[in-house]
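Working notes, beginning with the structure itself.
Every number in this text was worked out from the coordinates using simple rules, so none of it is lab data. These numbers come from a predicted model, not from an experiment. Heads up, the Cβs are rebuilt from the backbone with ideal geometry, glycines too, and the neighbour counts pull from every protein chain shown.
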Amino acid sequence: MADKLSKPPVKPERSPRTLGEWHPLLSLRREVERLFDDFSAVSARRSGGMFGAEPFWRGEFGLAHAPAVDIVEQEKNYRVTAELPGMDEKDIDVKFADGVLTITGEKKEESEEKQKDYYRSERHFGAFQRSFRVPDGVEADKIEASVKNGVLTVLLPKSDTAQKRETTIAIKKG
């Protein structure tokens, strides 16, 4: 009996890093944080910036698959570029009304393959709409849109007064 009392209980040591990698509650916490981070990124895109971008998808794609859009202010115009792989001009509509540029589209894709020992049929579809509030000074009657290799480019020319809005402000010593 003396032998049992003299031996201290031995617990295997685990580093905090090893514990965190397998612990189910920590894994769950990481996943929930990732979901909130993803939601925050979508909310930031929805709040927009100068163009007030508001993505919206319906169909099988969901909000996370809204087409990527770049908006660049150039000296004489604004350039909006949207990645729309597999789409051409007949699948896309671009409208400008009340200071809002709206890009909508719908993609329908069907494929079918018949072989001696199998048959495969697939259908993919989805629609999207992206709207952007455009700064004042865009000449609506001169807006141009083109699509090439699945990339839509919309040029929104600035009026002469909008091009000359920048002024240098003198800095005074405080």
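Before moving on, here are some points about what is shown:
- Whole-Hz Karplus values for the stretch 127-143 come out as 10, 9, 8, 10, 10, 9, 6, 9, x, 4, x, 8, 7, 4, 6, 10, 5 Hz, taken residue by residue from phi with 6.51 cos²θ - 1.76 cosθ + 1.60 and θ = phi - 60°; glycine and proline positions read x.
- For the residue pairs LYS76/LYS148; LYS107/LYS142; LYS90/LYS142; LYS116/LYS148; LYS90/LYS114, the C-alpha atoms sit more than 31 angstrom apart in LYS116/LYS148.
- Likely footprinting exposure, THR104, THR167, fewest C-beta neighbours within 10 Å first: THR167, THR104
- Projecting label points 7 angstrom from Cα along Cα→Cβ for LYS116 and PHE36 puts them 5.9 nm apart.
- Peptides 151-164, 114-127 ranked from most to least packed, by the mean per-residue count of other Cβ atoms within 10 Å: 151-164, 114-127.
- Inter-probe distance in nm under a simple model that places probes 7 Å from Cα toward Cβ, at LEU28 and GLU106: 4.2
- Multiplying each eigenvalue of the alpha-carbon gyration tensor of the stretch 59-174 by 5 and taking the square root yields semi-axes of 41, 15, 12 Å, largest first, rounded to whole angstroms.
- Cα gyration tensor category, rounded, prolate or oblate, for the stretch 97-154 with a/c compared to 1.5: prolate
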